Amino acid sequence: MRALRRSLAPLGRFDALLQMQVAFRANVLSAFVPARRRIGYDRSRSKDLHGLFVNERIADRPGIHVLDAIGSFAEPLGLRQTQVRWDLPVPDQAHAWARAQWDDDGRPVLMISPCSSHPRRNWYPDRLAALADHAAAQGWRIVLCGGRSDLERSTADAIVAAARTPVLDLVGKDTLKQLPALLARADLVVTPDSGPMHIANAMGTKVLGLHAASNPRRSGPYSDVRYCVDRYDAAARKFLHKPADQLRWGTKIEFDEVMSLITVDDAIAAFERYRADHPR
């Protein structure tokens with residue numbers, strides 16, 4: 001806290017603080033940022049005493065995507081988001097690295113990024129392997145990507161072991177700057193609700209999102225959810241005993257076995273929807 005105060009002291013008092021995090025730790029840290037206007041979330045999106053740390057709120061718009069809620073923070077400043085466009089500054093060296101990982105032989109690429117930050121959002125390695133086998137039978141190349149955590153390594157190993165088809169395993173081999181370039185080389189990315197989902201979307205790559213613990217209309221790939229598997233309502237009924245439309249917007253259903261509601265047939269159907277829309 002003292003270090004934060006010291007680092008901000010030379011900057012004086014800010015005109016506005018956009019408090020886009022509602023976790024208690026972030027709320028407390030925001031109190032040490034001197035600002036005249038402290039703009040936070042509407043009441044429906046607030047938690048962890050968020051309202052005590054802000055003096056203005058964005059408009060309450062139920063049922064909107066997380067990205068649109070974040071965009072709403074510009075409105076109190078006199079700006080309005082009218083279009084969403086991504087221009088990620090991916091270095092040429094990152095694109096060169098991605099191009100070097102496999103030769104382009106004309107086969108479409110199914111890239112699997114199997115892990116999110118919460119293990120209960122992750123689908124099962126044997127089911128991902130079954131989807132990979134189906135895609136390979138249709139002439140697709142299968143590529144795995146992910147970070148360097150023990151969970152990501154063990155998940156990748158399990159997928160490779162269960163798959164009957166060869167899999168290019170790039171888990172733990174890329175950097176954060178190389179990841180967008182890698183995702184851009186895919187035709188379709190399979191992933192749970194995760195950071196790579198949104199990076200792939202920003203790079204213009206279609207996403208087969210795996211949703212049961214979270215609502216794809218709130219946190220799925222922003223540009224296109226046509227190829228997502230959506231079992232959020234089924235999860236709400238099974239674990240919370242009510243339909244999804246009766247839940248507070250943003251409710252996460254992170255229970256053990258929630259991702260078991262997504263079957264291999266569900267994922268294959270989503271994959272085939274993509275193939276039907278993108279004939280080769």
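The values are calculated or read from the model by the stated rules, or taken from the named source; none is laboratory data. Treat the numbers as computed from the prediction; the structure is a model and nothing was measured. For neighbour counting, all protein chains shown are included, and Cβ atoms are generated from backbone atoms with ideal geometry for every residue, glycine included.
Does Leu128 satisfy the condition of being under 20 Å from the mean Cα position of the chain (by Cα), over 30 Å from Val33 (Cα atoms) and either outside the structural domain of Arg273 (by TED's automatic domain parsing) or part of a helix (DSSP H, G or I) (or both)?
yes
Pull up the range 68-118, narrow it to residues that are at pLDDT 90 or above and of a type in the set (Lys, Arg), then point me to the one that is nearest to Ala184 (Cα to Cα).
Of everything passing the filter in the range 68-118, Arg99 is nearest to Ala184 (Cα to Cα).
Have a look at Gly63, Gly40, Gly51 and point out the one that is closer than 24 Å to Arg218 by Cα and at pLDDT 95 or above.
Residue meeting the stated conditions: Gly40.
Considering only the range 170-178, I want to know if a residue exists there that is farther than 30 Å from Arg43 by Cα and assigned to a helix (DSSP H, G or I).
yes
Using the structure shown, decide if Val84 is without any contact (Cβ under 8 Å) to a residue 60 or more places away in the chain and farther than 30 Å from Arg153 by Cβ.
no
State yes or no: is Ala69 under 25 Å from Pro196 (Cα atoms), touching a residue at least 12 places away in the same chain (Cβ under 8 Å), crowded, with 17+ Cβ neighbours inside 10 Å and assigned by TED's automatic domain parsing to the domain that holds Asp174?
Spelling it out, it is not the case that Ala69 is under 25 Å from Pro196 (Cα atoms), touching a residue at least 12 places away in the same chain (Cβ under 8 Å), crowded, with 17+ Cβ neighbours inside 10 Å and assigned by TED's automatic domain parsing to the domain that holds Asp174.
Is it the case, given these coordinates, that Trp97 is under 29 Å from Ala181 (Cβ atoms), assigned to a loop (DSSP other than H, G, I, E, B) and either among the hydrophobic types (A, V, I, L, M, F, W, C) or not assigned by TED's automatic domain parsing to the domain that holds Trp140 (or both)?
Judged against the criteria, Trp97 is not a match.
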